[in-house]
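Below: one structure, written as structure tokens.
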Amino acid sequence: MAETGPMLEFEGILRRNRALQELLQLARNVVADGVITNKEAEEFRHWVETNPDMSGVWPVGIVTRAMKRAFADGELAEGDRRELLELLADVAGEGAGARPEEWGKLDRTDK
């Protein structure tokens, strides 16, 4: 019998928390050495594609839009790498945007 009501809601919260923990761990792994490799970028791209239901959860929407911009032409240019690294450092709590008063600056686009 399928769970309903509060239990289903609780399971949804746990799933979102696990997904956010995965995203944050990916971000921390990338910023640890200050370089975003093609493999790391692909891991983020894969995470975004396999977690579309998380796009409305902060900071997933920001990361999703940045990844789409970065891969728009199929290549990850040096400028894209720098932007992604800066964003991921902020998301991981390692960048200037890690300060709460700067969180609004993380989203560099309106859409």
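Throughout, read-outs are computed from the coordinates displayed, never taken from laboratory work. Note that this is a predicted model, so its numbers are computed, not measured. Cβ: placed from backbone, ideal geometry, glycine included. Neighbour counts: every protein chain shown.
For the reader, a short list of remarks on this structure follows.
- Segment 1-81 shape via C-alpha gyration tensor axes, a/c threshold 1.5: prolate
- Taking other Cβ atoms within 10 Å as a rough exposure proxy, GLU49, GLU40, GLU78 sort from fewest to most as GLU78, GLU49, GLU40.
- In sequence order, calculated HN-Hα J values of segment 29-45 (Karplus, 6.51, -1.76, 1.60; Hz; x Gly/Pro): 4, 5, 6, 4, 10, x, 9, 10, 7, 4, 4, 5, 4, 5, 4, 5, 4
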